[in-house]
1. Quick one: how many residues across the range 164-204 are in contact with a Leu (Cβ under 9 Å, 6 or more places away or on another chain), surrounded by fewer than 17 Cβ atoms within 10 Å (Cβ to Cβ) and assigned to a helix (DSSP H, G or I)?
2. Please indicate, with yes or no, whether at least one residue in the range 343-355 is closer than 21 Å to residue 184 by Cα, open to solvent by less than 30 Å² (accessible area, probe 1.4 Å) and not charged (D, E, K, R).
3. As an exercise: evaluate residue 147 against (1) under 22 Å from the mean Cα position of the chain (by Cα); (2) more than 28 Å from residue 250 (Cβ to Cβ) and give the number of the one condition it does not meet.
4. Please determine, by comparing only the residues of the range 307-317 that are open to solvent by 10 Å² or more (accessible area, probe 1.4 Å) and modelled with pLDDT of 95 or more, which one is farthest from residue 116 (Cα to Cα).
5. Go through the range 263-279 and report how many residues are in contact with a Phe, Trp or Tyr (Cβ under 9 Å, 6 or more places away or on another chain) and more than 20 Å from residue 65 (Cβ to Cβ).
6. Among (1) buried (at least 23 other Cβ atoms within 10 Å of the Cβ); (2) not in a loop (DSSP other than H, G, I, E, B), there is one condition residue 113 misses while meeting the rest; what is its number?
7. If only one of 103, 137 is among the polar types (S, T, N, Q), at pLDDT 95 or above and closer than 18 Å to residue 308 by Cβ, which one is it?
8. Considering the range 58-110 alone, what residues qualify as being under 23 Å from residue 171 (Cα atoms), charged (D, E, K, R) and surrounded by fewer than 17 Cβ atoms within 10 Å (Cβ to Cβ)?
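The values are calculated or read from the model by the stated rules, or taken from the named source; none is laboratory data. Since this is a predicted model, take the numbers as computed values, not measurements. Quick reminder, even Gly has a Cβ in these numbers, built from the backbone with ideal geometry, and neighbours come from all protein chains shown. All accessible areas refer to the heavy atoms of the entire protein, side chains included, with ligands and DNA or RNA removed. Shrake-Rupley method; radii C 1.70, N 1.55, O 1.52, S 1.80 Å.
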Amino acid sequence: MTETSIKTAARGPHLSRRSALLAGSAFALSLALSRRSALAASEVDAFKMQTVLGPIDGATVKKALAHEHMYVDFFGPNDPNYMNVDWDAALGTCVNRGLELVSLDINLIIEWTNIGVGRNVLLLRDVSRRTGLNIVSPTGIYKSLIPPSFAGLNADQIAQRFIDDLSKGVDETPIRSGFIKMATTEDGPTETDTMIHRAAAIAGRETGSTISLHSPHYAATKQVIATLQSEKFDFKRFVWGHAQPSKLDEHKEVASMGATVQYDAIGARSDPFFHGPTDDKSMLDRVEGMVKAGYDKQVLVSADASTFVNPQKWQYDRDSLYVHRYFEPQLTERLGAALSTQILRDNVIRAFRKPDKVA
């Protein structure tokens, strides 16, 4: 509603003075948020992203996805079937999806597959080269899935492995990780989980890297946060992923620490893993609640889809094309184009920008 239409409506016989004032306040809030969004866009354009092909400028990003997977392996690093796939088939499937994403002007994805669930930076590099899709890949270990090469290491030693991935390259390649991804067992972190979380906090503090957390439930998330606090980690570089099963007030509490809150499973028909909401209205309500609370720069959404899964029978119901094809128009209708762009593009760049302390 424009200022002129508000004034015209206020003169009508059926609109009270209070209604006119409320409409004017809503317009003023929308205008203020749009101005903040414009400032946010210019700010994030100056950030760098560490992709599998090297650093890029934020200004080059058209559209982004905050949490996706090209390849995931659910066997675990101590199973003989782990990473035992037809890699030509995996590459072809991932390239096809990459081309579909780029056709929608999505040229940046944050790929959350970390150590223990199939991280393969060479695959990601090939996909990026063949499609033009910029991919940011993590270091970090999923829950307690420690690979044989990490056996017997303590938190400080694991942290150094993470630091090397961020500052030198992964598995003796020049391909650097762009952030740290970790996860917690849903009922609360195990002793091994906590050691890995401490290692992530040390590495995140030393490199100025973002840490993202797979944790659907608030109680477990708070325990992880306590571990990060004990290592003096900066929560402005923290992303709470899979937050949607928890309550909005809990999201606001974590955001008040400076953290970013992420809603995943956008477009899924159901959530058999965590039993959280997936319908668009519930997700939109959560996003709007965060925006109204003043956390418009600290909210993300994504599908958390996996393009190629090993074993294939564990492929789950998600579609990485859904966010921009179907959710974005609804978000724009609800909050306006500027805020929609901020949430779907600018906040991704801000949250997952290149580690601050790595040259």
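1. 0
2. yes
3. For residue 147, the exception is condition (1).
4. Checked the range 307-317; the qualifying residue farthest from residue 116 (Cα to Cα) is 307.
5. So the answer is 1.
6. (2)
7. None of the others qualify; the one that does is 137.
8. Across the range 58-110, the qualifying residues are 79, 86, 88.
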